[in-house]
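Read through the structure below, which is laid out as C-alpha cells, and then see the notes.
Bear in mind these aren't lab numbers, they're just calculated from the coordinates by the rules spelled out. Being a predicted model, the structure only gives us computed values, none of them experimental. In this analysis, Cβ positions are derived from the backbone assuming ideal geometry, glycine residues included, and neighbour counts consider all displayed protein chains.
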Ligand SMILES: Nc1ncnc2c1ncn2[C@@H]1O[C@H](COP(=O)(O)OP(=O)(O)OP(=O)(O)O)[C@@H](O)[C@H]1O
Ligand SMILES: [Mg+2]
C-alpha cells in the first residue's frame, strides 16, 4: 500500500503517467501524489482534466507509467479500484440506470441484505430531497434532482474516493451550491476529487491542480493555483 501523510486518507499516486487517445498524446509524463481530503482540478477546455479524472477509476488506462489508488494499480487491480472509487459524471442522464430513484439507489446496494438496503435507500431519498419522488419516473426529475440522485447513487455505496467530473456544470446556482456542499461534506469519510470550472467551488477545496495542455501547470493552495489560472487566461 502507498503511504499517507494524513491519518485516514490514503493518497492517489501517479508515477510518470502518459496517456494517448486515438494515437494522440493527451497527458504527458504526470507524477503527482494526492493526500489532501478535497482536491480541485481546474484548467482550460481540452487541457486534460477529464482524462485525468478517468484515470483514477480505471476508465482510461495509462499508455505508460502507473496510477495507484489506495495502493491498488488501476490496470492490474481494476476490480478493487472500481469498488474504491465512485465516479460522478457531468450529465446525470448518463448515470441514472433505473426507471425510478428508489430502484437506482438500490442498484448500488445489490448483494446487500434486503432490509438493510431498503432502509439505506429510504434514508438517502430523504436526506437528498428525493423522498417525494421515490417511485416517480427518473426522467421526470429536474436537472438538479437528477444530479442529486446520480451523486446519491454513488455515495450510497460508500466509496473511499469520489471523483466528480464537472458535477455542477448543468445546474443553476442554488443546485450547484447544494451539490458542491454535499460533495465537500464527504471528506469526513472519503477523498474527494472534483473537476470544475466553478472557481468558487475550487477555492473551497484543500488543494488544487491546474492542468494546461496535458500537464500539471500548478498545484497546491487553491487561491494561488486559481490565481495562476486567471493569469494564464489574461
Ligand atoms: N477519445 C479521444 N480521442 C482523441 N482525443 C481525445 C479523446 N478524448 C479526449 N481527447 C483529447 O484530449 C484532450 C484532453 O481532453 P479532456 O476531455 O481530458 O479535456 P478537459 O480538460 O476535460 O476539457 P473540458 O474542460 O472541455 O471538459 C483534448 O484535446 C481532447 O480533444
Ligand atoms: Mg472535461
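Does the stretch 129-209 come out rounded, prolate or oblate, given a ≥ b ≥ c as the square roots of the eigenvalues of its C-alpha gyration tensor, rounded meaning a/c under 1.5 and, failing that, prolate meaning a/b above b/c?
Oblate, because a/c is 1.5 or more while a/b does not exceed b/c.
Starting from the Cα-Cα distance between residue 94 and residue 185, subtract it from 0.36 nm times their residue separation and give me the gain in nm to one decimal.
30.4 nm
For the chain, what does the relative contact order come out to in percent, with C-alpha contacts under 8 Å and a separation of six or more?
The value is 25 percent.
At q = 0.08, 0.16, 0.17 Å⁻¹, what base-10 log of I(q)/I(0) does the Debye formula yield for the chain when every alpha carbon is treated as an equal point scatterer in vacuo?
-0.29, -1.14, -1.26
Comparing 68, 174, 16, which has the greatest mean-square fluctuation in the GNM of the chain with Cα pairs linked when under 10 Å apart?
174
Using a/c under 1.5 as the rounded threshold, could you call the stretch 58-98 rounded, prolate or oblate? The axes a ≥ b ≥ c are square roots of the C-alpha gyration tensor eigenvalues, and prolate needs a/b larger than b/c, oblate otherwise.
Because a/c hits 1.5 or more and a/b exceeds b/c, the stretch 58-98 counts as prolate.
Taking a ≥ b ≥ c as the square roots of the eigenvalues of the Cα gyration tensor of the stretch 70-202, is the shape rounded (a/c under 1.5), prolate (a/b larger than b/c) or oblate?
In terms of gyration-tensor shape, oblate.
Output the 0 to 90 degree angle, nearest 10, between the alpha-carbon long axis of helix 143-155 and the longest principal axis computed from the alpha carbons of the chain.
The angle comes out at about 80 degrees.
Measure off 7 Å from each Cα along the Cα-to-Cβ vector at residue 139 and residue 76, then give the distance between these two points in nanometres to one decimal.
4.6
Can you say what percent of the DSSP beta bridges in the chain, counting only those with both residues inside, are antiparallel? Round to 5.
55
Once both labels are modelled 7 Å past Cα along the beta-carbon direction, what's the residue 230-residue 33 spacing in nm?
Computed distance between label sites residue 230 and residue 33 equals 3.2 nm.
Please report how far the C-alpha centroid of the stretch 172-234 lies from that of the stretch 56-78, rounded to the nearest whole angstrom.
Their Cα centres are 23 Å away from one another.
When you count, for each residue, the other Cβ atoms within 10 Å and take the mean per peptide, how do 147-156, 85-94 rank with the highest first?
147-156, 85-94
Using Cα pairs closer than 8 Å and at least 6 residues apart in sequence, work out the relative contact order for the stretch 54-102, in percent.
In percent, rounded to a whole number, it is 29.
Quick one: what do you get for the stretch 1-123 if you divide its Cα Rg by 2.2 N^0.38 Å?
1.23
Per residue of the chain, what 222 nm ellipticity follows from adding -39500 (n - 2.57) for every DSSP H run with n ≥ 4, rounded to the nearest 500?
Helix-only estimate at 222 nm: -9500 deg cm²/dmol.
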